[in-house]
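A.B. asks: Quick one: the structure is below, questions incoming.
The values are calculated or read from the model by the stated rules, or taken from the named source; none is laboratory data. The model shown is predicted, which means the values in this text are computed figures rather than measured ones. Note: ideal-geometry Cβ built from the backbone for every residue, glycine included; neighbour counts use all protein chains shown.
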Amino acid sequence: MALRSALIALARRVTRRPTRDVPEVLSAVVARAADAHPRAVPSPDAPQLQRALVVDAPLEVAEVVPGSLLLDIREPGELAGGVAAEALLLPMNAVPHHLDALDRARPITVYCAAGARSLGVAHWLREQGYNAVSLEGGISSLRWGASPTPMRVPDRAGERVTLPTGATVDGVGVGATTAERVDGDRVRVLDATGLELVGHLALR
């Protein structure tokens, strides 16, 4: 929930017109990120080297950065139409809990449905010291851009699955009874404390 809290805190300080593909509270964050670009400032505790890498880079790009990690932050229910073949699927609110899956030495191209949510997430990742950019236009830019990206359809994305007693997600016991499938054996679940987990489901 740290990312959502940060976005809401930013939203309270900004008043701009809402953006259609995100909740109204996040539209102000998108506007704030746009105002901040191209000079998004990482947090003070980010490594100095990483700060130098990202501070002068544009926040929004028209094409995927060559050699970058593609990060798809859409919800599982949005994935049935296809995802980039090599993308890491990580719903927006789960990003803060999976920073260890992101390589600080590798650029990250974040995308969503239309480019609004990804703008806010890319801005937040820069504040954590990552070299992140948002893909303008979202998934459509991957499909129909100047250099179309190979696509795939996730396995049963968005399906609700019942979790028996003793089920774990990446080794963490989950107190919920249902989960939403992200892809293959990867699921998203809220545990009993409200923590959002995304990872590989294992049944004992």
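A quick yes/no check of all residues on (1) of a type in the set (S, T, N, Q); (2) outside any loop (DSSP other than H, G, I, E, B); (3) at pLDDT below 50:
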site	(1), (2), (3)
LEU26	no, yes, yes
SER43	yes, no, yes
LEU49	no, yes, yes
ALA57	no, no, no
LEU71	no, yes, no
ALA105	no, no, no
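A.B. asks: Looking at this structure, is ALA85 in contact with a strand residue (DSSP E or B) (Cβ under 6 Å, 6 or more places away or on another chain), aliphatic (A, V, I, L, M) and modelled with pLDDT under 90?
C.D. replies: Considered against the rule, which asks whether it is in contact with a strand residue (DSSP E or B) (Cβ under 6 Å, 6 or more places away or on another chain), aliphatic (A, V, I, L, M) and modelled with pLDDT under 90, ALA85 comes out as yes.
A.B. asks: Just to check your reading of the model, which residue among ALA114, ALA94, ALA179 is surrounded by 14 or more Cβ atoms within 10 Å (Cβ to Cβ) and assigned to a helix (DSSP H, G or I)?
C.D. replies: Numbers: ALA114 fails: assigned to a helix (DSSP H, G or I); ALA179 fails: assigned to a helix (DSSP H, G or I).
Within the list ALA114, ALA94, ALA179, the selection yields ALA94.
A.B. asks: Can you find a residue that is more than 23 Å from GLY81 (Cβ to Cβ) and under 15 Å from the mean Cα position of the chain (by Cα) anywhere in segment 106-121? First the steps, then the outcome.
C.D. replies: Within segment 106-121, the subset more than 23 Å from GLY81 (Cβ to Cβ) is 106-107.
Next cut, under 15 Å from the mean Cα position of the chain (by Cα) only: 107.
Within segment 106-121, one or more residues are more than 23 Å from GLY81 (Cβ to Cβ) and under 15 Å from the mean Cα position of the chain (by Cα).
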